[in-house]
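The values are calculated or read from the model by the stated rules, or taken from the named source; none is laboratory data. Since we're looking at a predicted model, the values are computed, not measured. A quick note on method: Cβ atoms are made from the backbone with ideal geometry, for glycine too, and the neighbour counts reach across all protein chains shown. Surface accessibility is based on the protein's heavy atoms, side chains included, excluding ligands, DNA and RNA. Shrake-Rupley method; radii C 1.70, N 1.55, O 1.52, S 1.80 Å.
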Amino acid sequence: VKTDTGMQEIGIGSVSPETHANHSDEGHHGVHLASWRWSSFSRMFLFTLMIICAVIIKICFHHAKILSKFIPESCVLILLGILLAVFNHYVLEIDSLEDNPYPKFTADLFFNVLLPPIILDSAFALYDRDFLSNLSSIITFAVVGTLFNVFTVGFTLYGLSSSGILGEFEKELTVVQSLIFSSLISAVDPVAVLAIFEEIQVNMSLYFLVFGESLLN
């Protein structure tokens with residue numbers, strides 16, 4: 001309150017500007033219970049969001065009986081992935097950003113996030129009467145058939161490379177390298193085939209022959 005002499009007096013219940021500023025500064029020094037760190041968790045958040053969207057689309061696809069009769073489920077997910085990639089690249093131009101928030105496909109992402117649910121789902125399907133009744137045939141295809149493919153493709157590739165039919169390489173292709181390459185392409189993973197088998201409900205023995213051979217590989 002200003003008096004007649006022009007001096008400023010502080011009455012009861014009033015606060016000076018300096019005191020108010022000091023209290024404001026002291027009030028900001030608190031404990032943060034939660035914070036939003038987008039730069040640290042953006043990739044995992046977007047990856048989880050993509051998985052949730054894929055599950056929702058899969059559920060909607062199974063309820064759309066007309067669509068499921070003409071297009072397999074795996075083809076729908078592949079087409080949606082292509083459309084999303086084109087939209088992000090040409091419309092949002094995410095690839096040109098310095099800090100790209102989308103997750104990159106790495107070994108840690110595959111082994112720690114993608115592979116465990118696949119193994120868990122396969123483990124639930126193991127205890128089936130048709131799987132156990134065809135176990136000998138499954139082992140024959142998975143072990144004997146795969147080894148036959150590995151050595152056949154590997155030695156054929158080495159023979160073609162040595163004869164010069166495949167052209168010239170910077171370094172000569174060895175037998176070990178040929179067998180490593182053939183082992184990679186011989187162990188197939190027929191995810192799309194199994195999805196189509198589920199859709200058209202093929203014979204369970206045929207389904208578990210393909211499923212068991214790929215699982216044991």
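Please go through the range 67-120 and give me each residue that is under 20 Å from PHE45 (Cα atoms), in a helix (DSSP H, G or I), open to solvent by 90 Å² or more (accessible area, probe 1.4 Å) and among the aromatic types (Phe, Trp, Tyr), ordered by number.
Within the range 67-120, PHE87, PHE111 qualify.
Can you pull out every residue in the range 200-215 that is touching a residue at least 12 places away in the same chain (Cβ under 8 Å) and open to solvent by 70 Å² or more (accessible area, probe 1.4 Å)?
Taking the range 200-215 as the starting set, the residues that turn out to be touching a residue at least 12 places away in the same chain (Cβ under 8 Å) are 204-205, 207-215.
Hit for the range 200-215 is MET204, nothing else.
Of the residues GLY159, GLY154, GLY167, which single one is of a type in the set (Gly, Ala, Ser) and modelled with pLDDT under 80? Give the steps one after another, and end with the answer.
Numbers: GLY159 fails: modelled with pLDDT under 80; GLY154 fails: modelled with pLDDT under 80.
Exactly one of GLY159, GLY154, GLY167 is of a type in the set (Gly, Ala, Ser) and modelled with pLDDT under 80, namely GLY167.
Could you tell me how many of the residues in the range 199-217 are modelled with pLDDT of 75 or more, assigned to a helix (DSSP H, G or I) and more than 20 Å from ILE139 (Cβ to Cβ)? Give the derivation first.
The initial filter retains those residues of the range 199-217 that are modelled with pLDDT of 75 or more, namely 200-216.
Going one step further and asking which of them are assigned to a helix (DSSP H, G or I), we end up with 200, 204-216.
Right, trim to more than 20 Å from ILE139 (Cβ to Cβ) and you get 200.
Residues flagged as modelled with pLDDT of 75 or more, assigned to a helix (DSSP H, G or I) and more than 20 Å from ILE139 (Cβ to Cβ) within the range 199-217 amount to 1.
Can you find a residue in the range 128-139 that is part of a loop (DSSP other than H, G, I, E, B) and closer than 14 Å to PHE211 by Cβ?
Step one: list which residues in the range 128-139 are part of a loop (DSSP other than H, G, I, E, B), which gives 128, 134.
Now restrict to residues that are closer than 14 Å to PHE211 by Cβ: 128, 134.
Within the range 128-139 (the criterion being part of a loop (DSSP other than H, G, I, E, B) and closer than 14 Å to PHE211 by Cβ), the answer is yes, since at least one residue qualifies.
Among the listed residues THR48, THR3, identify the single one that is modelled with pLDDT of 70 or more and at negative phi.
Selected residue: THR48, the only one of THR48, THR3 that is modelled with pLDDT of 70 or more and at negative phi.
Checking ASP99 against (1) modelled with pLDDT of 75 or more; (2) more than 30 Å from SER214 (Cα to Cα), which test does it fail?
Answer for ASP99: the failing condition is (1).
Which residues, counting only those in the range 64-112, are of a type in the set (Asp, Glu) and in contact (Cβ under 8 Å) with a residue 12 or more places away in the chain?
Residues of the range 64-112 of a type in the set (Asp, Glu): 73, 93, 95, 98-99, 108.
Selection gives GLU73, ASP99.
Just to be sure before I move on: is PHE124 assigned to a helix (DSSP H, G or I) and open to solvent by 70 Å² or more (accessible area, probe 1.4 Å) in the structure I sent? Before you say what the answer is, go through the steps one by one.
Numbers: assigned to a helix (DSSP H, G or I): yes; open to solvent by 70 Å² or more (accessible area, probe 1.4 Å): yes.
Here the answer is yes, as PHE124 does meet what is asked.
Could you list, in sequence order, the residues of the range 127-181 that are open to solvent by 70 Å² or more (accessible area, probe 1.4 Å), of a type in the set (Gly, Ala, Ser) and under 30 Å from SER205 (Cα atoms)?
SER133, SER136, listed by residue number.
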